[in-house]
Amino acid sequence: MTPIIAVFAGGTSAENEVSAGSGAACAVFLARSFTTRLFPVIADAIPDGFDPARHVVFSTLHGTFGEDGGMQRLLDAAGAAYAGCDAVSSALTMDKELTKRTVSARGIRVAEGFTFDAASKPEPAEIVKRLGRNVVLKPNNEGSSVGLRIVGDHAGLSAALTSISGGRWIVEKRIEGTEVSVGIIGGNAVGIVQITPKSGVFDYKSKYTKGASEYVAPAPLEIPLDARLRSAAETAFSACGCRDFARVDFMISPDGEPFLLEINTLPGMKETSLLPMCARCAGLDFTALVREMVSPAVERFRMSRGSRRP
């Protein structure tokens with residue numbers, strides 16, 4: 001039985017608009033290879049009309065509920081096949097602190113830092129003593145750089161802490177250098193993109209404002225560093241139990257040391273997004289990319305129903 005690809009888009013997180021754009025683009029290109037239906041998601045629930053006996057999910061839900069294991073747990077309970085990471089690895093990679101601990105245990109360098117709850121914020125002097133004045137503040141469980149704050153002095157740090165009203169946060173020593181993104185398909189690195197935000201910070205505005213950042217694909221890296229980044233991305237992907245695809249972001253320090261920033265298990269998926277840029281480095285256009293991304297889930301669907309036949 002050949003399933004219908006159900007593209008989930010929208011969602012209830014702060015990244016709803018980004019997700020809607022990703023879903024619309026993917027639905028168009030998936031339809032070149034499969035019967036496809038776009039499902040707008042408007043609540044923290046499986047959308048009406050979805051049938052696990054007929055549909056395979058290709059989710060483009062970003063942020064909370066979509067990328068943190070929430071939707072994946074519902075799909076698992078429904079016996080549905082879906083592309084991308086399972087509920088456990090989705091929850092792990094959405095937690096920046098847990099991701100850092102997991103990958104650092106495998107020898108991958110991460111920025112020095114610590115987490116705190118908004119109800120018990122550290123004093124600016126404590127942060128400065130432990131990490132210096134030049135730090136990054138961000139929510140521990142958000143994507144797309146939502147809530148990202150870069151501060152470089154005591155006054156800025158005090159203001160940033162004062163603006164935090166809820167949730168769990170992570171503060172890190174800022175690693176200045178060159179930012180890159182490594183695309184992973186089927187556990188293998190397919191390409192590396194170099195990112196240069198014109199503002200100097202690759203925040204939400206720099207990511208989603210046309211012309212706000214410059215990209216070079218493939219990244220102009222020396223062969224040893226290119227190989228090192230690919231290996232580190234694949235190791236991080238494996239260490240966190242990821243499957244099918246992801247995007248792994250790094251900052252390369254001025255002395256050439258890669259530091260992992262985060263793993264994006266459901267990255268932006270417009271034609272101009274970072275994962276498609278990485279894939280083009282390996283000769284995969286957008287149609288081929290989304291077909292490769294969903295194919296393992298289609299195979300899991302067929303295997304669960306006792307047939308490998310198209």
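Nothing in this text is a laboratory measurement; each read-out follows from the coordinates by a stated rule. Treat the numbers as computed from the prediction; the structure is a model and nothing was measured. Glycine gets a Cβ as well: all are built from the backbone with ideal geometry, and neighbour counts include every protein chain shown.
Fewest neighbouring Cβ atoms within 10 Å first, the residues Asp86, Asp68 line up as Asp86, Asp68. Ordering Val136, Val216 from the fewest to the most neighbouring beta carbons within 10 Å gives Val216, Val136. What share of all Cα pairs of segment 113-173, in percent, falls into each consecutive 10 Å distance bin? Percent of Cα pairs in each bin: 24, 64, 12.
Rg and Dmax over the alpha-carbon atoms of the chain stand at 19.4, 64 Å.
Can you name the helices of the chain, as whole DSSP H runs, whose Cα span along the helix axis is 27 Å or more and whose Kyte-Doolittle mean is not below -0.5?
TM-like helix candidates: 286-304.
Placing +1 on the Cβ of every Lys and Arg and -1 on the Cβ of every Asp and Glu, with nothing else charged, gives segment 113-173 a dipole about its Cα centre of roughly 100 debye.
Taking every lysine pair in the chain that is 8 or more places apart or spans two chains, those with Cα atoms closer than 20 Å amount to 19.
Sparsely packed loop sites in segment 209-310 (the trypsin sites (Lys or Arg not before Pro) outside DSSP H, G, I, E and B with at most 15 other Cβ atoms within 10 Å) comprise Lys210, Arg305, Arg308. Which one of Pro52, Pro224, Pro258 has the biggest mean-square fluctuation once the chain is modelled by GNM with Cα springs under 10 Å? Highest fluctuation of the listed residues: Pro224.
Entry note, the chain: relative contact order of 21 percent, from Cα contacts under 8 Å with a spacing of 6+ residues. Taking the chain as a Gaussian network of alpha-carbon nodes connected by springs under 10 Å, the highest mean-square fluctuation of the residues Ala78, Ala219, Ala236 belongs to Ala78.
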